[in-house]
1. Take A:LEU36 and decide whether it is over 30 Å from B:VAL33 (Cα atoms), at pLDDT 95 or above and facing chain B (nearest Cβ under 10 Å).
2. Give the residue that is modelled with the lowest pLDDT, with candidates limited to residues of the stretch A:44-62 that are part of a loop (DSSP other than H, G, I, E, B) and among the hydrophobic types (A, V, I, L, M, F, W, C).
3. Looking only at the stretch B:12-53, how many residues end up being within 14 Å of chain A (Cβ to nearest Cβ) and more than 18 Å from B:ALA65 (Cβ to Cβ)?
4. What residue, of B:GLY93, B:GLY128, is within 30 Å of A:GLU14 (Cα to Cα) and not in a helix (DSSP H, G or I)?
5. How about the stretch B:39-90: which of its residues are small (Gly, Ala, Ser) and under 22 Å from A:LEU11 (Cβ atoms)?
6. Give the stretch B:105-137 a look and list any residue that's more than 10 Å from chain A (Cβ to nearest Cβ) and at positive phi, or say none.
7. In the stretch A:34-43, which residues are in contact with a strand residue (DSSP E or B) (Cβ under 9 Å, 6 or more places away or on another chain) and not in a helix (DSSP H, G or I)?
8. Out of A:VAL22, A:VAL51, report the one residue that is crowded, with 19+ Cβ neighbours inside 10 Å, more than 9 Å from chain B (Cβ to nearest Cβ) and either within 27 Å of B:GLY81 (Cβ to Cβ) or within 12 Å of the chain's Cα centre (by Cα) (or both).
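The values are calculated or read from the model by the stated rules, or taken from the named source; none is laboratory data. Keep in mind the model is a prediction, meaning the values are calculated, not measured. Neighbour counts are summed over all protein chains in view; Cβ atoms, including those assigned to glycine, are modelled from backbone coordinates with ideal geometry.
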Amino acid sequence: MKFKIEYYAQLRDEAGCSAETVESIASCPAELFSELNATHCFSLTQNQLQVAINDSFSSWTSQLNDDDLVVFMPPMAGG
Amino acid sequence: MFAIIETPADLVKLRVDLNDRAAGGYVTFEGWVRDHNEGQQVLRLEYEAYPALANREGSRIVAEAMAKFDIINAACVHRTGLLEIGELAVWVGVTAVHRDTAFAACRYIIDEIKVRVPIWKKEYYVSGDSGWVDCEACASKK
């Protein structure tokens with residue numbers, strides 16, 4: 001399947017890009033993050049992040065579908 | 001109403017938009033960029049948002065406040081981009097018949113915004129360093 005990934009804040013700095021499209025056999029965000037982490041060596045671990053699929057908060061075990069937009073989010077720091 | 005904004009907030013317009021003849025109280029909270037954090041002298045801040053989800057979650061929080069508290073109206077805006085010391089980063093306004101619920105709803109909104117809305121803050125320090133707030137603290141705990 002093909003996924004669009006968007007990166008923000010520290011993850012964007014570490015990935016070196018704000019978005020990328022990846023081909024993956026990952027069935028859930030946890031598997032996808034693990035694959036991407038192997039490439040980008042993020043300094044944040046999965047349990048420090050939240051994930052969104054198609055602009056909605058999601059769980060790490062949600063089913064991914066072709067063409068999903070997946071965003072891994074560092075801890076919020078607004079205000 | 002919740003909005004991510006890229007230019008300074010129009011405080012007069014925000015106030016006028018909440019004006020209501022039934023309101024007996026109007027409570028606001030302004031979050032400003034301060035010149036220090038955790039022992040470091042801060043030069044400026046950069047806020048970044050995941051706009052689609054930030055707008056959705058921010059709107060949800062304002063709607064929750066409307067449902068939870070006996071208030072007339074509520075609104076919140078949050079800046080993104082580079083902000084200098086003293087600039088307004090976040091604004092919350094609440095109107096109500098009486099002040100108690102307006103204060104409580106305003107507090108609820110800013111507290112929830114800080115932990116639930118996907119917005120991130122990078123601090124630029126006098127020392128020349130910079131860093132994403134919280135993220136680096138998390139990384140050190142891993």
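1. When the stated conditions are applied, A:LEU36 does not pass them.
2. Applying the first criterion (part of a loop (DSSP other than H, G, I, E, B)) to the stretch A:44-62 yields A:44-45, A:49, A:54-55, A:59-62.
If we keep only those that are among the hydrophobic types (A, V, I, L, M, F, W, C) as well, we get A:44, A:49, A:60.
Working: A:LEU44: 94, A:LEU49: 97, A:TRP60: 98.
Ranking the qualifying residues of the stretch A:44-62, first place goes to A:LEU44.
3. Qualifying residue count, the stretch B:12-53: 15.
4. That would be B:GLY128, the only listed residue that is within 30 Å of A:GLU14 (Cα to Cα) and not in a helix (DSSP H, G or I).
5. B:ALA49, B:ALA52, B:ALA54, B:GLY58, B:GLY81, B:ALA89
6. If the condition is that a residue be more than 10 Å from chain A (Cβ to nearest Cβ) and at positive phi, then B:GLY128 is the only one that fits.
7. A:PHE42
8. Details: A:VAL22 fails: crowded, with 19+ Cβ neighbours inside 10 Å.
Among A:VAL22, A:VAL51, only A:VAL51 is crowded, with 19+ Cβ neighbours inside 10 Å, more than 9 Å from chain B (Cβ to nearest Cβ) and either within 27 Å of B:GLY81 (Cβ to Cβ) or within 12 Å of the chain's Cα centre (by Cα) (or both).
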